[in-house]
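The values are calculated or read from the model by the stated rules, or taken from the named source; none is laboratory data. This structure is a prediction, so every number in the text was calculated from the model and none was measured. So basically every Cβ, Gly included, is an ideal-geometry build from the backbone, and we count neighbours across all protein chains shown. In case anyone asks, the SASA skips ligands and DNA or RNA and just uses the protein heavy atoms, side chains included. Shrake-Rupley method; radii C 1.70, N 1.55, O 1.52, S 1.80 Å.
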Amino acid sequence: MISRRSALQAIGFGLSASGSCLSPLILAQSTQAELQPLNIPSLNNGVLSSGTNNFELRLQRGNHSFLAGLNTETLGINGGYLGPTLRFKRNDKVSLQVKNSIGEASTLHWHGFHLPATEDGGPHQEIAANQIWNPSFDVVQFAGTYWYHSHVMHRAGEQVYKGLAGMIIVDDEEQKVDLPSDYGVDDIPLIIQDRRFDSNGSFIYMNRYEDQVMGMMGDTILVNGTNNPVFTPATRFVRLRLLNASNARSYNLGFSDNREFYQIGTDGGLLNEPVAMTRLQLAVAERAEILLEFDPGEETTLINVALPSGFPEFPGAMSEMMRALNTQGFDILRFRAGQQLAENIALPGRLNEIYRLPEAAATNTREFRLSMGAGMRSGDDRGPGRGSRNGRGGGFGGGNFSINGRRMAESYINERIVFNTTEIWELKNTSPMMHPFHVHNGQFQLLDRNGNPPPANEMGWKDTVKVNPGEVVRIIMRFTDFRDENNPYMYHCHILEHEDRGMMGQFLIV
Ligand code: C2O
Ligand code: CU
Ligand code: CU
């Protein structure tokens with residue numbers, strides 16, 4: 001029998017002196033707790049001046065009360081926790097003034113957007129403390145749900161955890177489909193996150209050994225910053241814009257009455273038609289728009305449905321951790337429909353006509369091996385120098401998270417892609433846990449999972465894709481419009497603690 005310690009070491013995790021407690025993290029059940037009305041982030045439509053839509057954003061320190069009677073120190077954008085929902089119009093030009101008042105370096109990344117690398121807000125567009133960054137770009141995205149968040153090198157996890165994230169909604173006036181679109185009434189942003197608090201109400205970040213491996217998961221679920229939230233629908237149909245803005249946790253969503261719902265949108269826009277489903281897996285950074293139908297007075301709860309432990313057998317401790325994380329169900333958001341519901345829309349039929357990128361258009365295929373543990377070629381990279389940044393990383397040296405055997409180094413360009421070409425990227429997960437793979441600079445399409453066609457709800461535009469243990473996922477993407485020999489885009493695992501520890505690479509479009 002393999003001990004936990006040696007099992008972890010076998011896959012490359014040296015244990016720090018302080019930590020090897022692998023007790024499962026049990027989520028607090030909210031049944032007794034008092035329900036709080038769901039907070040709706042304020043909407044910021046920008047200020048139009050001479051053809052450009054201007055947004056002012058200030059990264060700031062603040063406070064927020066998540067738990068009754070307790071105060072939590074947070075980071076926020078124009079507020080105490082999280083940021084306003086930014087509303088962009090397709091084909092508009094936007095200009096953002098981002099002021100960093102948090103007292104340490106940060107960035108703001110426009111996740112899912114096709115834009116010049118210099119405007120992307122990745123690790124290279126660092127905003128020093130007290131500085132202002134002023135990116136601008138044309139919104140070429142399809143109508144859909146996007147987001148923005150800190151992407152500062154090595155500390156994105158901590159900054160997002162404390163609150164540096166928000167939603168972006170892109171509208172398209174030419175879109176003809178009739179969908180619920182009254183923000184906060186029948187068009188509802190749902191930013192789902194998990195957090196861990198100490199008894200004083202302060203955020204806890206990375207205090208357990210497994211946080212280093214699995215990424216930071218919490219035992220308290222927040223939706224738009226609300227703990228134990230309840231929402232009261234006032235219309236027959238409600239559109240939920242689901243954004244998994246957690247650091248590491250994936251959700252297997254469903255409803256307490258097992259009702260059917262319809263997925264209408266993916267990361268980068270509307271699907272061709274509504275997809276009826278009862279379960280929706282949403283990995284970190286993925287978005288899904290769904291339609292829900294209510295009868296007057298009806299109640300239901302958005303829940304995480306426990307997954308049977310279908311993980312491949314792997315040396316003891318890993319499987320144990322995976323099971324503990326995925327075999328638990330919990331409540332996310334209660335719905336209590338009003339006694340009178342406005343008839344807002346009819347369930348739409350056709351939503352979109354998505355152009356499928358033909359496989360034959362690809363002129364190159366690249367492989368990306370996602371791995372944890374040993375296997376990094378020595379001398380590739382000194383690594384980001386983890387050491388004791390979180391006070392617990394003492395034994396955490398040496399290439400634990402890598403892509404193609406390398407860890408992110410800001411000075412190293414991993415891939416050079418020829419401008420105006422289409423490529424197939426073959427994502428191979430050789431590790432025992434799922435990694436949500438994200439590519440900057442726009443949207444791609446899934447070709448297949450282990451050679452099988454993707455499910456109907458993954459047939460839309462995507463910028464983040466789950467790659468399950470042992471799986472090979474092929475995606476296809478175009479590299480157009482922004483050629484730049486000097487400024488790279490990122491690709492990475494969106495489990496922020498994996499990204500912060502080097503599971504990221506850079507590409508130039510040349
Ligand atoms: Cu959501 Cu590289 O980011
Ligand atoms: Cu991104
Ligand atoms: Cu990962």
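Things to note:
- Euclidean distance between Cα centres, segment 199-218 to segment 63-99, Å: 23 Å
- Backbone HN-Hα couplings from phi across segment 111-128 [Karplus 6.51/-1.76/1.60, Hz, Gly and Pro as x]: 6, x, 8, 8, 7, x, 4, 5, 9, 6, x, x, x, 7, 9, 5, 10, 5
- Separation in nanometres of the label points that stand 7 Å from Cα toward Cβ, at residue 510 and residue 347: 5.2 nm
- Under 12 Å from the residue 58 label point (7 Å along Cα→beta-carbon), backbone N, segment 80-97: 80
- Sequence-distant lysines (8 or more away, or on other chains) whose Cα lies within less than 27 Å of residue 162: 99, 462, 466
- For segment 273-285, putting each phi into the Karplus relation 6.51 cos²θ - 1.76 cosθ + 1.60 with θ = phi - 60° gives couplings of 8, x, 10, 6, 7, 10, 9, 9, 8, 10, 7, 3, 6 Hz, in residue order, rounded to whole numbers and with x for Gly and Pro.
- Taking amide hydrogens as placed 1.01 Å from N in the peptide plane, the amide H of residue 332 sits under 5 Å from those of 302, 303, 304, each at least 5 positions away in sequence or on another chain.
- Taking N as its residue count, the alpha carbon Rg of segment 23-179 over 2.2 N^0.38 Å: 1.14
- The Rg/Rh ratio of segment 180-336, with both radii computed over alpha carbons and Rh defined as the Kirkwood radius, is 0.99.
- Across segment 177-182, computed HN-Hα scalar couplings (Karplus, 6.51 cos²θ - 1.76 cosθ + 1.60, θ = phi - 60°) run 5, 8, 10, x, 9, 8 Hz from first to last residue, x flagging Gly and Pro.
- At R0 = 25 Å, FRET efficiency that the Cβ-Cβ distance of residue 204 and residue 36 yields, to 0.05: 0.75
- Amide hydrogen proximity for residue 197: with H placed 1.01 Å from N in the peptide plane, the residues at 5 or more positions away or on another chain lying under 5 Å are 204, 219.
- Heavy atoms of the protein chains alone define the surface here; on that basis segment 180-336 has 27 Å² accessible area per residue at 1.4 Å probe size.
- Computed over segment 188-243, relative contact order equals 50 percent, with contacts defined as Cα pairs under 8 Å that lie 6+ residues apart.
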